[in-house]
Every structure is written in C-alpha cells, then in structure tokens.
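Right, one structure below, let's go through it.
The values are calculated or read from the model by the stated rules, or taken from the named source; none is laboratory data. In this text the structure is predicted, and so the values were computed from the model without any measurement. Note: ideal-geometry Cβ built from the backbone for every residue, glycine included; neighbour counts use all protein chains shown.
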Amino acid sequence: MEKEYFAHPTAIIDDGCKIAKGVKIWHFSHVMSNCVIGEGCNIGQNVVIASEVVLGKNVKIQNNVSLYTGVTCADDVFLGPSCVFTNITNPRSAVVRRGQYSKTHVGKGASIGANATIVCGHDIGEYAFIGAGAVVTKTILPYACVVGNPAKQLGWMSEFGHRLAFDSNGIAICSESNEKYKLENNKVIKL
C-alpha cells in the first residue's frame with residue numbers, strides 16, 4: 001500500500017510510527033519509533049521527534065525543533081524554529097533515568113515562539129502564546145501570553161493571536177475575528 005504522506009529522502013522514520021494522511025516531513029528530520037503524527041502535520045528540517053511523542057492534526061513544526069518522549073501536542077499547535085522540550089528535570093550523563101520522563105502537553109491552538117524552552121512537567125494551555133526565547137518553568141493557562149526567562153505572563157491572547165484588552169466588565173473583542181472573550185477569576189473563556 002502506498003503511503004499517504006510525504007517524507008523527504010533524507011528524513012529517517014523508525015519502525016512502529018503511525019503517520020496520517022497529508023503529513024509532510026522535510027530534510028534531515030528523524031521520527032523515532034512509536035510516534036503518532038496526526039493528519040496534515042508539517043515537520044520542518046532537522047526536527048527530532050523522540051519515541052512515543054503524539055501530535056494531533058495540523059501541527060506545524062518549524063526547523064530545528066526537538067520534541068522528546070513525554071510530549072503530546074493537541075490539534076493546530078505551532079512550534080517555532082529551534083524551540084525545545086525537555087523530559088528530565090535533573091539530567092546527568094552518568095545517571096540513567098530512562099522511564100522517569102516527565103510529561104508535557106501542549107493544548108489545542110497554542111503557539112510556542114522561536115528558541116523557547118519548555119521545561120518538562122509543565123503543560124501549555126489551549127491557545128496560549130509563548131514568546132520567542134521564553135523559558136517555561138511552570139504550567140501556562142489557556143489563552144495566556146508569556147515571555148522572558150523565566151516566562152512571566154504579560155496578558156491574554158485571542159484564538160487569532162492578538163492581545164486581548166478586557167474592559168471593566170471583563171469582556172474583550174479580538175481585533176481580527178471580532179470574537180468575544182470573558183475574563184473571570186483569572187480564566188479566559190470565548191463567548
């Protein structure tokens with residue numbers, strides 16, 4: 001049976017991977033065993049996807065990204081160039097910690113900027129926006145916009161990637177989509 005995805009001839013795909021229809025895997029990328037890659041994902045050049053990583057549909061991974069065992073991404077996640085995930089909080093070359101990997105989940109529609117580092121065990125909420133170069137050392141709320149090292153929250157983002165300005169009633173409108181959002185008890189919901 002002919003495969004329903006594209007892999008550049010220089011890409012390496014290990015046995016046991018489930019790769020859905022419409023996926024594109026570009027130059028010099030390595031997809032390790034037992035990964036699940038959802039429909040329509042685009043994996044840039046020189047990307048490492050370690051064993052058992054799970055990607056939802058339409059995940060966009062830019063060049064030089066590293067996703068290690070324990071990472072899962074929901075649908076429509078964007079991973080910017082050279083961002084990296086860790087999976088051990090206290091790595092040592094001489095100490096084997098295989099099987100002790102911490103998990104990290106990236107929620108639907110979240111964006112992670114270029115050169116950001118996501119320290120393991122800290123989930124990224126739906127539609128969160130992680131700025132370029134940020135170092136995430138704690139769980140990030142849905143719709144939160146965070147920057148810096150360590151990452152600190154600047155405010156909130158719409159599903160279209162625009163900063164939200166909430167009025168005195170806790171209501172904000174996305175400047176592009178005109179969708180309404182409500183901020184209540186430090187949580188954002190789309191109305």
Item checked: Selection count, segment 64-96, where residues are in a loop (DSSP other than H, G, I, E, B) and farther than 13 Å from residue 113 by Cβ -> 16
Checklist line | residue 121 being without any contact (Cβ under 8 Å) to a residue 40 or more places away in the chain, out of contact with any Ser or Thr (no Cβ under 9 Å at 6 or more places or on another chain) and in the same structural domain as residue 48 (by TED's automatic domain parsing) | finding: no
Next item on the list: Scan segment 146-163 residue by residue and report those that are surrounded by fewer than 20 Cβ atoms within 10 Å (Cβ to Cβ), under 16 Å from residue 179 (Cβ atoms) and without any contact (Cβ under 8 Å) to a residue 40 or more places away in the chain.
Entry: 160, 162, 163
Margin query: Can you report the number of residues in segment 87-107 which are closer than 21 Å to residue 158 by Cβ and surrounded by fewer than 17 Cβ atoms within 10 Å (Cβ to Cβ)?
Written below: 0
Next item on the list: Go through segment 177-191 and count every residue that is surrounded by 11 or more Cβ atoms within 10 Å (Cβ to Cβ) and within 20 Å of residue 130 (Cβ to Cβ).
Entry: 5
Next item on the list: Considering each of 64, 58 in turn, give the residue that is within 20 Å of residue 110 (Cα to Cα), at pLDDT 95 or above and more than 13 Å from the chain's Cα centre (by Cα).
Entry: 64
Next item on the list: Of the conditions (1) of a type outside the set (S, T, N, Q); (2) part of a loop (DSSP other than H, G, I, E, B); (3) touching a Pro at 6+ places or on another chain (Cβ under 9 Å), residue 165 clears all except one; give me its number.
Entry: (3)
Next item on the list: Take segment 140-160 and flag every residue that is farther than 20 Å from residue 174 by Cβ and assigned to a loop (DSSP other than H, G, I, E, B).
Entry: 148, 149, 150, 151
Notebook entry, point to check: In the set 35, 17, 41, which member is surrounded by 13 or more Cβ atoms within 10 Å (Cβ to Cβ), in contact (Cβ under 8 Å) with a residue 12 or more places away in the chain, assigned by TED's automatic domain parsing to the domain that holds residue 76 and farther than 16 Å from residue 68 by Cα?
Noted result: 41
